[in-house]
Amino acid sequence: MTRIWSWIALTFGLIYFALPLIGTVEFSLRMRRGEYSFDAYRKVLADPRFQETFSYSVVMALATIVFGVLLVVPTAYWVRLKLPRLRPYVEFLTLMPLVIPPIVIVFGYLRLYNTSSWLPLTGTTMGTNLLLMFGYATLSLPYMYRAVDTGLRSIDVGTLTEAAQSLGAGWVTILARVILPNVLVAVLSGAFLTFAIVIGEFVLAALLNRPAFGPYLQLMGANRAYEPAALAVIAFAITWACMGLIQLVSRFTRHGRTA
Amino acid sequence: MSFLNISNLEKSFGPTRVVHDFSLAVEQGEFISFLGPSGCGKTTTLRMVAGFETPTAGRIEIDGRDIVRLRPNQRNIGMVFQSYALFPNLTVGQNVAFGLKVAGASRALIRARVAEMLEMIGLPDLAGRYPFQLSGGQQQRVALARALAVRPQVLLLDEPLSALDAKIRVSLRAEIRAIQKKLGITTIYVTHDQEEALSMSDRIVVMHQGRADQVGTPFQIYNTPATRFVAGFVGALNTVQAEVIDPGTGRVLLAGTEAVLDRALPAGQVTLGLRPEMVSLGPAPGRETVLRGRVVEVDFLGAVIRLKAELGGEVLAFDTFNTSQKAPPRVGEEVSVSLAARDLLVIGPPA
């Protein structure tokens, strides 16, 4: 009896999530009247603005990942090693971006870093890009921090640090040669999540007026019929590819470190 | 002047003082054990030498140079941990090479030294393995090789065998000692296992409540314990109350029998200690004091039979060797035991 109900629940869930997706895919294939075709995809991929915005977002995502790793790995390491009592507070702090909407963050940025402030980051393109990257790093902080912190939990940070120190290693060497390689899987899963977030992000990029993929998606959605559906499917595919990579990488290393 | 000098070392964590006024001079090439129960300050003292803890007061000198202000990575000290602490992402060879690489040694030197170290620990073929593919004993040998590869001035071992099973523990301690002797490296070994300390060390420091109760060779520590704690912690010990009849010659009344210790004693009651192996079942040459009583407990341990007998109100534990010709006495049986009064230790009042 309960079997039936769980099957019903499962089917309902599947329909709830899958139906809109199937609909979108189906619609994106119907640009040519009367038959299925990839015309919408061809058009989208050929659009120079798609290529521009997409490569802009990819570069931003990579920069965000590098910045995020450089910020989060040493911080999480230091908190675990020297300030274990502060861990719950730091963790709470890293969760704040989930609670504070991006629109609040970006208005805060604009107030703090506008052209008449003491640090006029929005005055130049480079400065705005930098600001956008900081914003992305903030948005991905909860995922990055959690991933890295979980990775650090699986190794004996304190003793490994002491072992490396007694062998003559300084802090930079310890981080680069001992800590980072051992949490690389965690860092990678954080990086893929960051990538997915940055590719789809709209609010920060739109309000800072940067040519990112999110605002382009919105622009197309407002003006075209079939192309937005194709874009949505592409964005989905990227996100899923990222998640698949997380799975792949974590399975690959779980096999390697069973001891 | 000694090679490693620790003088008046103190350490407090907040209001709790965990190491009190610790001083020790270690000669070059000496193997020293810090022996004591958990919480006695032995690991904290070791970690101060390694540089992982900062002393509240005192000096630590290696080869005449004060190292207290040096960071751990500047001290040139090798360290082996209870949990092995091998780098899980590196192979055995890379682990051993780590310190040399950090020091910027040439590739040829690194290759030669790694091969030499793996040869020394008897694992020359495992350079390409990862730590998780090794047994605990192998991992700890690799950790030893890694610590020694940089040719440190001092080697510190923090309960290196505690996580291993009994057989490996015994074989590995002989191996560690042999390597230490071969390299002639000054070594401090922290353990709570008295057997390890007794079998490996040149000298033992018995620690108790943050103080060094006694420093001496294993023979001295075992046979002439300086404090009640040392007597009780190192080896098994019977304690009996005795009444001093003549303080000058050390004549006492022990379980209703007179015995002469041949040394001056305080008047009144004294606590005397006696190792189980210093008591024989039945008469024995050189053991002139004979006590009579009845057996209250028999523990057959294989090679050794540990007996307990009640003798004039005191219970003494003692050992006899197993023989196939004669069954051990039964509980309740009347026996006589003999001992030499010279072997009795005078135990000071509790600290």
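The A and B chains share an interface that buries close to 1900 Å² of accessible area, total over both sides, probe 1.4 Å. Cross-link partners for B:Lys181 among the aspartates and glutamates, with Cα-Cα distance under 20 Å and sequence neighbours closer than 8 places in the same chain left out: B:Glu27, B:Glu30, B:Asp63, B:Glu116, B:Glu119, B:Asp158, B:Glu159, B:Glu195, B:Glu196, B:Asp202. Averaged per residue, the protein assembly as shown has 50 square angstrom of accessible surface, using a 1.4 angstrom probe with ligands and nucleic acids left out. Size of region B:199-254: Rg and Dmax of its alpha carbons, in Å, are 14.1, 41. Heavy-atom accessible surface of A:Val99, to the nearest 10 Å², is about 110 Å², with a 1.4 Å probe and all protein chains retained. Across A:Tyr16, A:Tyr145, the residue with the most accessible area heads the list, and the full order at a 1.4 Å probe is A:Tyr16, A:Tyr145.
Using the Cβ of B:Ile204 as centre and a radius below 12 Å, the other residues enclosed give a net charge of -4, where K and R count +1 and D and E count -1. The mean number of partner chain beta-carbon atoms within 10 angstrom of a residue's beta-carbon across peptide B:79-89 is 6.
In summary, the lysines within cross-link reach of B:Lys42, defined as a Cα separation below 16 angstrom excluding same-chain residues under 8 places away, comprise B:Lys11. For the residues B:Ala103, B:Ala242, B:Ala226, a GNM of chain B with alpha-carbon springs under 10 Å puts the largest fluctuation on B:Ala103.
In summary, the lysines within cross-link reach of B:Lys308, defined as a Cα separation below 20 angstrom excluding same-chain residues under 8 places away, comprise B:Lys326. If both residues of a DSSP beta bridge must be in chain B, then about 75% of such bridges are antiparallel. Calculated mean residue ellipticity, 222 nm, chain B: -7500 deg cm²/dmol, from DSSP H runs (n ≥ 4) at -39500 (n - 2.57) each, averaged per residue and rounded to 500.
Rolled with a 1.4 Å probe across the full set of protein chains, the surface gives A:Trp171 an accessible area near 100 Å². With a 1.4 Å probe rolled over the protein heavy atoms of all chains, the accessible area of B:Lys182, B:Lys167, B:Lys42 falls in the order B:Lys167, B:Lys182, B:Lys42, largest first. How far is helix B:136-149 tilted, in degrees, relative to the longest principal axis of the Cα atoms in chain B, given as a value from 0 to 90 rounded to the nearest 10? Tilt relative to chain B: about 60 degrees.
Indicate the helices, whole DSSP H runs only, in chain A that combine a mean Kyte-Doolittle hydropathy of 0.5 or more with a Cα extent along their long axis of 27 angstrom or more. Sorted by number, the helices that extend far enough and score high enough are A:2-28, A:48-82, A:227-256. When the Cα gyration tensor is reduced to axis lengths a ≥ b ≥ c, the ratio a/c is 1.5 or higher for the protein assembly as shown, and with a/b above b/c it is classed as prolate.
Across region B:36-54, the residues whose backbone nitrogen lies under 20 Å from the label position 7 Å along the beta-carbon direction of B:Arg69 are B:48-54. Across peptide B:125-137, the mean count of Cβ atoms from other chains lying within 10 Å of each residue's own Cβ comes to 1.
Surface composition of chain B: carbon and sulfur atoms hold 51% of the protein heavy-atom accessible area at a 1.4 Å probe. Between A:Arg30 and A:Arg3, the FRET efficiency from the beta-carbon distance, with R0 = 30 Å, is close to 0.20. Seen through its C-alpha gyration tensor, with square-root eigenvalues sorted a ≥ b ≥ c, region B:164-262 comes out prolate because a/c lies at 1.5 or above while a/b is bigger than b/c.
Counting, for every residue in A:177-184, the Cβ atoms of other protein chains within 10 Å of its Cβ and taking the mean gives 3. The distance separating the Cα centre of region B:1-67 from that of region A:16-94 comes to 54 Å.
Charged neighbours of B:Phe321, selected by a Cβ distance under 14 Å, balance to -1 (K, R count +1; D, E count -1). Across the protein chains, with a 1.4 Å probe defining accessible surface, the residues A:Tyr226, A:Tyr216 rank A:Tyr226, A:Tyr216 from largest area downward. Where is the GNM fluctuation largest for chain A (alpha-carbon springs, 10 angstrom cutoff): A:Arg33, A:Arg42, A:Arg153? Its mean-square fluctuation being the largest, the pick is A:Arg33. For B:Val331, the accessible surface of its heavy atoms amounts to roughly 100 Å² (probe 1.4 Å, protein chains only, rounded to the nearest 10). Here region B:281-327 and region A:103-137 have alpha carbon centers that stand 87 Å from each other.
Mind running the shape call on region B:4-233? Use the C-alpha gyration tensor, a ≥ b ≥ c as the square roots of the eigenvalues: rounded below 1.5 for a/c, prolate if a/b tops b/c, oblate otherwise. Here region B:4-233 falls in the prolate category.
The values are calculated or read from the model by the stated rules, or taken from the named source; none is laboratory data. Computed from a prediction, not measured in an experiment: that's the story for all the values here. When we count neighbours, we look across all protein chains shown, and the Cβ atoms used for this are built from the backbone with ideal geometry, even at glycine. Surface areas here come from the heavy atoms of the whole protein model, side chains and all, with no ligands, DNA or RNA. Shrake-Rupley method; radii C 1.70, N 1.55, O 1.52, S 1.80 Å.
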